[in-house]
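The values are calculated or read from the model by the stated rules, or taken from the named source; none is laboratory data. Since the model is a prediction, treat every value here as computed from it, not as a measurement. When we count neighbours, we look across all protein chains shown, and the Cβ atoms used for this are built from the backbone with ideal geometry, even at glycine. With ligands, DNA and RNA removed, areas are computed over all heavy atoms of the protein, side chains included. Shrake-Rupley method; radii C 1.70, N 1.55, O 1.52, S 1.80 Å.
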Amino acid sequence: MQKNLIDKLKNIRTTLNVTMFEIIFSAFINSISFYYNSKEPFIVGTAFSTRDTYLDEAESLFGPLFNLAPIVAKPKASQSIKSLITKTASVLRKAEKHKIYSLQNLISKLNIKRIPGKHPLFPIIFVWNETSLSSTNLSIKNYSFSFNKTEFDLICYITKSENTLDIKVSYAKELFSTDKINYFIDIIASTLNYITSYPVNKIIDQYEILPNPISRFYPEHNYEIKNDTVYELILDKITKYPDKTAIVTASSTLTYRELSEKIDAFSQLIDSACKENTVIAVNFSDRLKYVITILSLLRLGKTFIPLTNEQIKYILPTEKTIWESIPILTDTYHDESKYANFCILPENFILDKYNDIKTKINPDKIAYKIYTSGSTGQPKAVEITHKSLLNVINDFKNRLNITTNARILSHTSYSFDISLLEILLPLSAAATCVLVDKEDSKDIHALIKLINDQSCDLIQATPSVWRVLLSSGWKNNTNARLLSGGEKLTTKLAHELKEVTSELWNLYGPTETTIWSMASLIKDPSYVHLGQPISNTYCYVTNKAGFPSAIGSYGELNIGGIGVANGYWLNKNATAATFINDPLNSSRAYNTGDIVWTNPSDNTLTFIGRTDRQVKRNGIRIDLAEVEQALASIKHIKQAAVITEK
């Protein structure tokens, strides 16, 4: 950083009656706060010279004498340049009065537990050095140096010479990549340029400081949608390919003509039995019946709610008033029949005559409601429109170039919305859906046999299922293309999957934004990222204050576009908390609660973790607070704490 910046910093020094160190440290604190998107107080260590304190004893000593002191930084959402610098200067001056106090004594008094390799009080250090000597008999030369290891996560050295300002950073390689450190240095440089470019009374706008553009991501392709609903897309294939195999199980096969006849029959039965009902729940252990039923409901324009046996056991008793008016189509008797109207469909039925039911469906109408977990222990049902469902099916049909020859496995439990992709994607392309017979099937060897016998060439699964398949001896003999999602795909698993397939996709998307929202074709398994948004979808990253973050920083991922759900069924508070207004796009978006990092080198997103205590196991959302709440409700348990274990 050259002389013109130094001159501007000197002007601020004079105007605000502060030191150069106090100005630079203010910029550093602001940069840390912005980089981590932190609005909470944090501690940074800095070095104060103690030579003047021990002047007599130190006169014969050569080199720097200093003591590290903790500085508590308290970021503010809105403040002027003057306020930032003067308040930081005040904190530094108070700390300097205690600079001779031993840091080790402070740590001992605070009784902080020691962790090997980590400093107990602060992970980040700021070191200021000003190399100006009045003597003309001495010359100064800077030498570069490096450390093989450091006790701190990050140490920032800023050195001022006569005409330049040099920034160097020492960092723990296991915590930071070179790209991240370079971006952090860019933020410091941009902050210094910003505070010297405006009057000191200007309110700081963090987004004017950004060294890189705001992190918003748009799809590479927006595939044209030619139909109003998914069922219209499937009906077109029924008409064009009546004799082609639509669905195959281990024990049966249906052509598109036979599938159409069963849909007609089920539609007639449902329409006559539940004519006045616009919302109908579906619960089948026979997966073929489940598929035919939801296709019939999509055709009729009725909203369906998939319910597994487990969901019935815990949802119905907690939502009695809701379920009194909603029929549940099933093939199984349930003890919970006192809470709802169960309709057990006959094993086999043939209608000699049935009316040709034609229903024009509004694409903005709710296609299905599907339950997902909540942080209060109460289940929440997400409402998804026909338009949202069609968009994701249309995207993956084009993205994966699904042809009529494709054979796509459908094995995921219908409690997960990704099961709909496995059912509707092949049928929308006149391909074949290879269907697992039973909803509660846990036989991994039977699954492998079905994959091999039916030559499946596209398989979707969670990382947990992929691990089970690999450990059970599955070798991908059918050379299937693989889709992984629902949990974080580790680089280790990505390497293992790439060894058995030529095409691996990492998929990301919460239920609230319709099945999948982002897709990444994994080329290098050492670098797994979220990829780009699917059609008619966009993503952006915000800090804790809800403002857009810059590329290169951490933040919360938000998703907007056609796929965003209407909200949570009969839950206005939960809807208002997570379905937000996008400040830059004048539209609704969903705040995922997922922390991501935007890589400035290739403009991709990497999943880091959660803002809350939610974790995923086997693709299932688990809120640790829910588990604690359940444990605490047990007699004789006063308090409960839940932790995760790898």
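What the table below lists for this structure:
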quantity: Wholly enclosed strands (runs of 3 or more DSSP E) of segment 385-473 bearing at least 1 residues surrounded by 17 or more Cβ atoms within 10 Å (Cβ to Cβ) and of a type in the set (Lys, Arg); calculated: 407-410
quantity: Those residues of segment 326-342 which are surrounded by fewer than 14 Cβ atoms within 10 Å (Cβ to Cβ) and touching a strand residue (DSSP E or B) at 6+ places or on another chain (Cβ under 8 Å), in sequence order; calculated: Thr332, Tyr333
quantity: Qualifying residue in segment 487-507 (condition: buried (at least 22 other Cβ atoms within 10 Å of the Cβ) and among the hydroxyl-bearing types (Ser, Thr, Tyr)); calculated: no
quantity: Output for segment 4-48, where each listed residue is hydroxyl-bearing (Ser, Thr, Tyr) and outside any helix (DSSP H, G or I); calculated: Thr19, Tyr36, Ser38, Thr46
quantity: Total residues in segment 198-213, condition modelled with pLDDT under 70 and open to solvent by less than 50 Å² (accessible area, probe 1.4 Å); calculated: 2
quantity: Matching strands (runs of 3 or more DSSP E) fully within segment 504-552 where at least 3 residues are under 16 Å from Ile562 (Cβ atoms); calculated: 537-542
quantity: Which listed residue, of Tyr194, Tyr183, Tyr231, is modelled with pLDDT under 90 and hydroxyl-bearing (Ser, Thr, Tyr); calculated: Tyr183
quantity: Condition broken by Arg621, with the remaining ones in (1) modelled with pLDDT under 65; (2) open to solvent by 70 Å² or more (accessible area, probe 1.4 Å) satisfied; calculated: (2)
quantity: Only listed residue being closer than 20 Å to Tyr568 by Cα, part of a helix (DSSP H, G or I) and out of contact with any helix residue (DSSP H, G or I) (no Cβ under 8 Å at 6 or more places or on another chain), chosen from Ile305, Ile322; calculated: Ile322
quantity: Residue satisfying all of: in segment 353-377; of a type in the set (Phe, Trp, Tyr) and in a strand (DSSP E or B); modelled with the highest pLDDT among these; calculated: Tyr368
quantity: Whichever residue in segment 169-196 is part of a loop (DSSP other than H, G, I, E, B) and in contact (Cβ under 8 Å) with a residue 12 or more places away in the chain and, among such residues, is most open to solvent (accessible area, probe 1.4 Å); calculated: Leu175
quantity: All helices (runs of 4 or more DSSP H) inside segment 49-133 with 3 or more residues being in contact (Cβ under 8 Å) with a residue 12 or more places away in the chain; calculated: 81-96, 103-110
quantity: When residues of segment 89-126 are limited to those that are in contact with a Gly (Cβ under 8 Å, 6 or more places away or on another chain) and open to solvent by 20 Å² or more (accessible area, probe 1.4 Å), the one modelled with the highest pLDDT; calculated: Leu121
quantity: Selection within segment 474-486 - in a loop (DSSP other than H, G, I, E, B) and open to solvent by less than 30 Å² (accessible area, probe 1.4 Å); calculated: Trp474, Asn476, Ala480, Gly485, Gly486
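Each row is one residue, and each column tells you yes or no for (1) of a type outside the set (S, T, N, Q); (2) within 14 Å of the chain's Cα centre (by Cα).
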position	(1), (2)
Asn476	no, no
Ala480	yes, no
Leu489	yes, yes
Ser502	no, no
Ala519	yes, yes
Ser526	no, no
His529	yes, yes
Tyr540	yes, yes
